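The values are calculated or read from the model by the stated rules, or taken from the named source; none is laboratory data. Because the structure is predicted, anything quoted here is derived from the model rather than measured. Note that we place each Cβ from the backbone using ideal geometry, even for glycine, and neighbour counts take in every protein chain shown. Surface accessibility is based on the protein's heavy atoms, side chains included, excluding ligands, DNA and RNA. Shrake-Rupley method; radii C 1.70, N 1.55, O 1.52, S 1.80 Å.
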Amino acid sequence: MTSPEFIGFLRKNVICVTCLVVSVAIGVTIYLRNGLLPEAEKVLSETSKQGELMLANIEDAHQLKEQHVALVSANQAIANRMIHVGQLAENLQYFYRLESETSTKLTDPRQMAWNPPPKNMPKTTYTPVGFAITAQGTYPQLVGLLRRLENGEHYCRVISCNLKPVAEQRGSPLTTTLDLELLGIQ
């Protein structure tokens with residue numbers, strides 16, 4: 001087919017040729033855009049998640065100042081209940097105050113040697129400080145001592161508690177040996 005024959009064929013079948021060209025253009029467009037659809041859906045879902053997060057942040061932002069004040073006051077309350085690791089006299093003074101409040105007799109309050117955590121352990125803000133205490137008193141006095149330790153001004157965890165009578169007589173004073181930890185800061 002020569003060029004003039006081809007042009008004549010196109011002129012005779014203008015509608016068919018136009019439909020063919022439009023169909024090919026539509027097919028190419030659909031093929032090219034079909035590959036972009038999954039990526040566009042992924043971008044849409046990420047943008048939707050970011051939008052939902054921003055809406056949630058905007059809704060919660062009106063309480064942000066009150067929540068900040070509450071967190072600061074809670075952190076201050078926690079900090080006030082901490083002991084200091086290196087202050088032996090102040091730490092033992094706490095137990096002597098408990099002795100006078102509960103009318104027990106502390107015979108051997110000792111702060112255990114503090115070992116820093118190994119280097120491969122994550123750094124923590126608070127450190128447990130161990131104490132060994134021996135106290136004498138009646139059963140209600142010793143239970144009062146334990147309750148004051150538990151609900152006292154410092155965070156306390158009793159590791160072990162041994163209770164035994166001083167003498168074999170009924171109603172004689174009791175002796176308790178406590179191993180406990182107080183939460184402290186360095």
> So which residue, out of V69, V21, V43, gets the largest mean-square fluctuation from a GNM of the chain using Cα contacts under 10 Å as springs?
Replying inline: V21
> FRET efficiency for R157 and L53, Cβ-Cβ distance as r, R0 = 45 Å, nearest 0.05?
Replying inline: 0.70
> Just how large is the dipole of segment 65-186 about the Cα centre, in debye to the nearest 20, putting +1 at every Lys and Arg Cβ and -1 at every Asp and Glu Cβ?
Replying inline: 180
> Out of these labelled values of Cα Rg over 2.2 N^0.38 Å, (1) 0.97; (2) 1.31; (3) 2.47, which was calculated from the coordinates shown here?
Replying inline: (3)
> Within segment 123-145, what residues put their amide N at less than 18 Å from the label point 7 Å along the Cα-to-Cβ vector of A79?
Replying inline: 124-127
> Within the chain, what percent of beta bridges assigned by DSSP are antiparallel, to the nearest 5?
Replying inline: 90
>> Can you work out the Karplus-derived ³J(HN,Hα) for every residue in segment 64-76? Use 6.51 cos²θ - 1.76 cosθ + 1.60 with θ = phi - 60°, whole Hz, and x for glycine or proline.
In response: 4, 5, 5, 5, 5, 4, 5, 5, 5, 5, 5, 5, 5
>> Explain nothing, just the number: relative contact order of segment 107-186, from Cα pairs under 8 Å at least 6 residues apart, as a whole percent.
In response: 37
>> From the phi angles alone, apply the Karplus equation (6.51, -1.76, 1.60; θ = phi - 60°) to segment 136-146 and give each ³J(HN,Hα) in whole Hz, x where the residue is Gly or Pro.
In response: 10, x, 7, 4, x, 5, 5, 5, x, 4, 5
> Sequence-distant or interchain residues sharing an amide H contact under 5 Å with L106, placed H: which?
Replying inline: Q136
> Among the lysines, which fall within straight-line cross-link reach of K65, defined as a Cα-Cα distance under 27 Å, with same-chain neighbours fewer than 8 residues apart omitted?
Replying inline: K49
> Restricting attention to segment 92-186, which GluC sites (Glu not before Pro) occupy a DSSP loop and are surrounded by at most 10 other Cβ atoms within 10 Å?
Replying inline: E168
>> Please compute the contact order of the chain in relative form: average sequence separation of alpha-carbon pairs under 8 Å and at least six residues apart, divided by the residue count, as a percent.
In response: 20
>> Suppose the chain between T18 and H68 were pulled fully straight at 0.36 nm per residue; how much longer would it get relative to their current alpha carbon spacing?
In response: 11.1 nm
>> With angles folded into 0 to 90 degrees, how steeply does helix 88-102 sit against the dominant principal axis of the chain? Use alpha carbons for both and round to 10.
In response: 60
> If you roll a 1.4 Å probe over the heavy atoms of the protein chains, what accessible area per residue do you get for segment 10-58, in Å²?
Replying inline: 94
>> Using only DSSP helix segments of four residues or longer, with each worth -39500 (n - 2.57), what per-residue ellipticity at 222 nm results for the chain after dividing by its residue count and rounding to 500?
In response: -18500 deg cm²/dmol
> Roughly to the nearest percent, how much of the accessible area of segment 48-184 is carbon and sulfur, given a 1.4 Å probe?
Replying inline: 56
